[in-house]
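The block underneath contains the structure these notes are about, expressed in structure tokens.
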Amino acid sequence: MKRYTVGVFDSGIGGLTVLAECVRRLPGCDYLYYGDNAHAPYGSRSAEEITHLVRAALRVFSAYGVDAAVLACNTATAVCAQLMRKEFPFPVVGTEPAVKPAAERCSRALVLATPRTIGSDRLRSLVKRFPWCAFTLFAPPDLAGAVERAEGRAEKVKLEDHLPRGNYDGVVLGCTHYVYLRKEISAFYGAPVFDGNRGTAQRLASLLSDGGERGFAGTADHKSGKTGTADHCGAKIGTADHCGAKIGTADHKLGKTGTDDHFGEKRELFDKNGKNSAKTGAKTSIFYLGSGKTVNKRIYEQMFAI
Ligand code: DGL
């Protein structure tokens, strides 16, 4: 069976919660996780800036010859998923606030998301599809930033500084960073919380299985190892050596760490691998990229219990 390479992208650590779901749902893939931690949080940036940053990250994925990319970021999905689908040859799976599952169980639900997601036409038209549920949309201005700074430690984020009080029978976590606080947010409102992570992983799984049969996964260029050339990556992104077929070689797989300066910013690269799925025995490898000075190794290790 074909082994897929999947790029998972977020502004920072939030998307690791989506990656965890993808790994559960689809072990046996090679995952690249790109956390754009030099530019997080995205939520208050302009649509142009976000589009520019997401495009740059997807070019890195393209250079690695991914079979599919996941925008593990509601903000990036709301702003530019459609455009990215036109620009890149691989499928781009988005993450959407879990409005539908909330509407199925609630009559007064709160949707929490970044300012850019809350302001999006996409979210507004989504909630209109469920008129029987009264949705209140709220954008905590800096909650994603607080989670990023707290490295996902819920005890370091004071919810009362970020969240409105109110009586809701369900809360939609419309930002992947908030998933770190799922228990605390649920307790804060005394209501169940909903996130879009499982839906995203399912969508990825069905795309890969359909595509596997139809052979969508990658253009001829991707498949024939041409990825990583200056042509393919755009001259600014890495060298052929780094971008190209080296991902997944023995060097990477053995967990060696290294540094590189994609985007002109130093970052550490490392991977941890060899997590075997108890169910299938499939070996999952995860290769972590960051754009900041360091990648958050602690949170990564904790998330995957390595
Ligand atoms: N985790 C992202 C989301 O789901 C973005 C948070 C941010 O960078 O503001 O929207």
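Every number here is computed from the coordinates shown, using simple stated rules; none is lab data. Please read all numbers here as calculations on a predicted model, not as lab measurements. Reconstructed Cβ throughout: ideal geometry from the backbone, glycine too, with neighbour counts over all protein chains shown.
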Quiz item: Can you give the FRET efficiency for Arg149 and Asp210, using 1/(1 + (r/R0)^6), R0 = 45 Å, r = Cβ-Cβ distance, to the nearest 0.05?
Solution: 0.70
Quiz prompt | Förster-model FRET efficiency, 30 Å R0, Glu184 and Ala38, C-beta, rounded to 0.05 | solution = 0.65
Exercise. Give the residues of segment 25-53 whose amide nitrogen is closer than 11 Å to a point set 7 Å from the Cα of Glu87 in the direction of its Cβ.
Key: 48-53
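Treating the beta-carbon of each Lys and Arg as +1 and of each Asp and Glu as -1, no other charges, what is the dipole magnitude of segment 1-83 about its Cα centre, to the nearest 20 debye? Kindly include the intermediate steps, with their values, before the conclusion.
Values: 7 positive and 7 negative charges, 50 e Å.
Computed about the Cα centre, the dipole is about 240 debye.
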